[in-house]
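Computed from the coordinates by the stated procedures, all read-outs in this text should not be read as laboratory data. Predicted model only: the values in this text are computed from it and were never measured.
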Amino acid sequence: MATLKGDNKNNFLMADPMNGDSVYNIYGYGGNDRIFGHSSAHNKIYGGDGNDIIYGGDFKNTIEGGKGNDQIHGGDGRDVIYGGAGVDKMWGGDGGDRFVFKSISEIGKAEGRRDVIEQFKSNTFDGRDKIDLSAIDAIAGTKKNDAFTWVAKEGAAFSGKKGELTWTETKLGNGHYTKLVMGDVNGDKKADFILEVDSFGDLYKGDFIL
């Protein structure tokens, strides 16, 4: 197992392509880092604080952006991507990728201040990517971690029932069309978070881990 560490400055960190270890751990720590994983190892990359740009390798990657407005590129392989706090933009690349969100605050809500998943592969096509919301309690005020209830119809309004998850297609201020995934955890018929998902097809329950 190989390890590469940065510091609190703006680091350029690149895994040694000649290293033959099967696991490569990379830590950016503070600063606005540029991080490149090993092309054929299982990369475990931790951006840390700062606005980081992270590229995984062609094998499976586990990438955590940490705090800051990060850009995360999974590359080929089956990647697990955590954007973390801040306004993050994420690309899974080829392979069946999982985008994990641990809290509502991580995702955000307002345009330009929310997380974005680019080039998401939905069930409309090969259905390999997943959006994992299972760590978020869908119903505020309960003692257990409740799962979201998927409302399948595009553009469906919230009914007032806590824990509903729905989606719609919309045109952004820049003229680009995208999907918005919205969740209501308190039953006030308003979105408590909005995740922007650039998908070529419609979104389905099978695209999510609820």
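What the table shows:
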{"read-out": "Dimensionless Rg/Rh of the chain - Kirkwood Rh, Rg from C-alpha atoms", "value": "1.00"}
{"read-out": "Integer Hz, Karplus 6.51/-1.76/1.60 couplings in order for region 68-78, x for Gly and Pro", "value": "x, 8, 9, 10, 10, 10, x, x, 6, x, 8"}
{"read-out": "Rounded, prolate or oblate (a/c below 1.5 giving rounded, otherwise prolate when a/b exceeds b/c) for region 23-77 by Cα gyration tensor", "value": "prolate"}
{"read-out": "Phi to ³J(HN,Hα) by Karplus 6.51 cos²θ - 1.76 cosθ + 1.60 over region 164-171, Hz, x for Gly, Pro", "value": "7, 10, 9, 8, 8, 9, 9, 9"}
{"read-out": "Using distinct alpha-carbon pairs, which all enter the 1/r mean, Kirkwood radius of region 55-131 in Å", "value": "12.3"}
{"read-out": "Built amide H within the under 5 Å cut-off of residue 4, gap 5+", "value": "25, 26, 27"}
{"read-out": "Region 1-118: Cα Rg divided by the 2.2 N^0.38 Å rule of thumb", "value": "0.98"}
